[in-house]
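The values are calculated or read from the model by the stated rules, or taken from the named source; none is laboratory data. Because the structure is a prediction, the values reported are computed rather than measured. For neighbour counting, all protein chains shown are included, and Cβ atoms are generated from backbone atoms with ideal geometry for every residue, glycine included. Each accessible area value is taken on the protein alone, full model and side chains, heavy atoms only, with ligands, DNA and RNA left out. Shrake-Rupley method; radii C 1.70, N 1.55, O 1.52, S 1.80 Å.
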Amino acid sequence: MKILDISQSQNMYKTPESQIGGEDKREDQKNIFEKMPEAEVVISEEGLAAWAEEIKKRTGNIGALTGWEDTSQYAVGAKNEVSFEHFMELGKIKKEIRSKSYKNGDSADIAMKSLLEAYEILYNKIMEQHKTGNREVNYSTGFRSVSLEEDLEALAEAYDQWLGHLDTYVLLQQRRYTWYLTPVPRGRKREIEEPKYYLGSKRKYNPKFMTEEYHEYRRNITVMMKQGREELLAALKTTKGENGLAAKVLTNLMNGSADFWVKTRELWPDEKHIVRE
């Protein structure tokens, strides 16, 4: 398959040996790039088609920043329109819960509870919609029927997509507190010389938040969220219309891990956490 056809001779330049060293050398190196002629690039129709197919696979995959080996599962809308619908609705419900129940708090425990509570609400909504049979939908591809099984599979996929975003959210907080943790008093000499740049702020460099200990904390959040979903589904099958199960399930899991609360308070020290609620 022919994708690029570039003349190699156009891009090969050699600095004359007589001009090695000093100002002449730097000026000659500068002139090489300034005088470099444009290279002719020819892309075949087959190459363009291959490029278009690759672009389709790249649809806002934030999970790629988290270190997961297979990040394709977190691409928004990667598989079908049903999962994309649920992904968007989970985000909307999650935002409303965070605003009303947690006063727009910003911490791992709030993000986790908001997501599982949104999952519970949407799960119950789907079950209600299927009481009389398949759900009728109208997507960009046209009208179609969605079975209960397909809806629940798509909901699970959408939930996993949000777990990728949650993982990234915690990772970014780790990075933030690695570089900006402790303010240095005015006039005081920096205690650590490396790294040389501080992005204009007088703060210490503290690498502990990017160690394996804190990476394990972040990975355990994903494990906790998956276990929470399983326990929630089991509870929903044995109860009749009871609401608020997600918060109880996840609170029990959080309180069962002393390390979770220690590190959550370290990474979000200014937040009011939801211990034992």
### Task
Show M88, M254 ordered by accessible area, largest first, where the area counts protein heavy atoms only and the probe is 1.4 Å.
M88, M254
### Summary
Flagged as over-length at 30 Å C-alpha distance, from K103/K131; K131/K272; K92/K263; K100/K208; K92/K240, the pairs are K103/K131; K131/K272; K100/K208
### Query
How far apart, in nm, are the 7 Å Cα→Cβ label points at N124 and A156?
2.2
### Query
Using r as the Cβ-Cβ distance of K237 and E266, and R0 as 41 Å, what FRET efficiency do you calculate, to the nearest 0.05?
0.65
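Full extension from E212 to N138: what is 0.36 nm times the residue separation minus their Cα-Cα distance, to one decimal in nm? Numbers along the way, then the final one.
Working: separation 74, 0.36 × 74 = 26.64 nm, distance 4.64 nm.
Full-extension gain reported as 22.0 nm.
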### Query
With r defined as the distance between the Cβ atoms of S147 and K100 and R0 fixed at 25 Å, what FRET efficiency is calculated, to the nearest 0.05?
0.15
## Note on the structure
Extension length gain for T178 and R219 (0.36 nm per residue less Cα distance), in nm, is 13.0 nm
